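Input: a single structure, listed below in C-alpha cells.
None of the figures in this text is laboratory data; all of them are computed from the coordinates on show. For clarity, every value in this text was computed on a predicted model and none was experimentally measured. Quick reminder, even Gly has a Cβ in these numbers, built from the backbone with ideal geometry, and neighbours come from all protein chains shown.
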Amino acid sequence: MTDAGHDETALIDRARAGDRDAQETLVRRHLGEVFDLAWRIIGDRDVAQDAAQEAIISALGALHRFRGDASFRTWLLRITVNAAKTQFRRQSRRREVKLSLALDVRTDELDPAAETMLRAEAGRVAGLLGQLPPKQRMAVVLRVNRGLSYAEVGEILDCSEGAARVNYHLGVKRLRELVQ
Amino acid sequence: MTTMTCDAIRDSLPEFVREVLPAGKMAVIESHLATCAECRAERDVITVLIRPATVPAGLEERVLRAVRKQWRPTFSPGRLAMAATVVFALVTAGVISQMGLLDSNSRAVEDLAGVTSVDWTRGDPVLLRGGLDLGALSEDELLKLLEEMDS
C-alpha cells in the first residue's frame, strides 16, 4: 500500500472511532469529487449540492459498515451515485430538472479568449451529456471524470465489467454523434 | 513502434487525456491520433468533458455544519419523555428498595424493642434518590447518560 493509502486508511480508522477532526478531513478531501459526480449525474447545481450533502452524511453514518473490501473512494462514489439518483427522482417529481452544467467548469488557468471558447464548448457537450440514458451517462462520468476502471464502474453501477464498458462506449459514441 | 487498435486506443483515452500513461504508450496513442479522425473526435469530446467542476462557494461549510449537527444529541420531545420515564423508574426503584430495607430493619427493631412503627422517610437521602444523584452530574455526564439510554 502507498503512503497515501496508509494515510487514508488511518484517517478512516480514526473517523470510524469517532474522531471529529478525522471526519472533517475526510469531508474536505472528498467533497469536491462527490459534488462533481452528483452535478454531472443530475445536471443541476442546487440539487447536486443537496445530493452531495446527503451522500457525505450517509457515508459518515455508515462508516462502521465500511470493511475495506472496495476502496473507500469507490465506496463513497457508490453512495454518491445512489444519493444523486434519489435526489434526481425527488426533484423530477416536483419540477423539470434544468441542466445547468454550461458555465461551471474550471477555466481559471486559461486566457480570456480560450476561457470563452472552452466554456461554450463545455456547455454544449455537458448539455449533450444530459441527453444520454442514465446508465450511459453515469458510465461516461465515472470513467472520464472520476478516472475509474471498467471493473470499478461496474461495481458502482451494479453491473458487470463488460456491461460498464459497453455503456461507456455507447455513451461516448452518442456524444460524438451529437457534437458533430 | 507498437501499434494499437482503435478499440484499445479509445479504451485508454481518459488516461491519455489525463496524461497518466507511461511515456511509451502516450507516444503510441499520439501517433495513432495523428492519422485517425474518429479517435481524435473521441479524444476531443473527452478533453472537454474531463474538466473539473467548480465547487459552489459555501458548500463545504454547509456540509460541515450538517456533519457537526449529527454529533450533537438532539433533545426532541420523544427523547426527553423517554429520559424522564427512565429517570422516574430509577428513582422509584431506589425508593422501593429503600422501603424494603427499612421495612426489614423496622421488623428487627420491633422484635428487639417492641416499637410499632418506623418513619422510613428519615433514611439516607442519596438512597431515596435511587442511589443516583442527578443533581451532582455534570452536563456532559447527563448527555452521556442520555446517549446510553438511547442505545
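Under a plain spin-label model, where a point goes 7 Å from the Cα along Cα-to-Cβ, how far apart in nm are residue A:14 and residue A:170? Once both label points are built, they end up 4.5 nm from each other. Label-to-label distance, residue A:69 versus residue A:46, with points set 7 angstrom from Cα along the beta-carbon direction: 3.9 nm. Here residue A:7 and residue B:81 are evaluated by their C-beta separation; at R0 = 45 Å the FRET efficiency comes out at 0.50. Averaged over the residues of A:19-25, the number of partner chain Cβ atoms lying within 10 Å of the residue Cβ comes to 2.
Counting Cβ atoms of other protein chains within 10 Å of each residue's Cβ and taking the mean over peptide A:37-49 gives 2. Here r is the Cβ-Cβ distance between residue A:58 and residue A:131 and R0 is 22 Å; the resulting FRET efficiency, rounded to 0.05, is 0.15.
Residue by residue through A:142-150, how many Cβ atoms from other chains fall within 10 Å of the Cβ on average?
On the way: counts 0, 6, 10, 7, 1, 6, 1, 1, 1.
Going residue by residue through A:142-150 and averaging, the value is 4.
Projected label points at residue A:82 and residue B:71, each 7 Å from Cα along the beta carbon direction, are separated by 2.5 nanometres.
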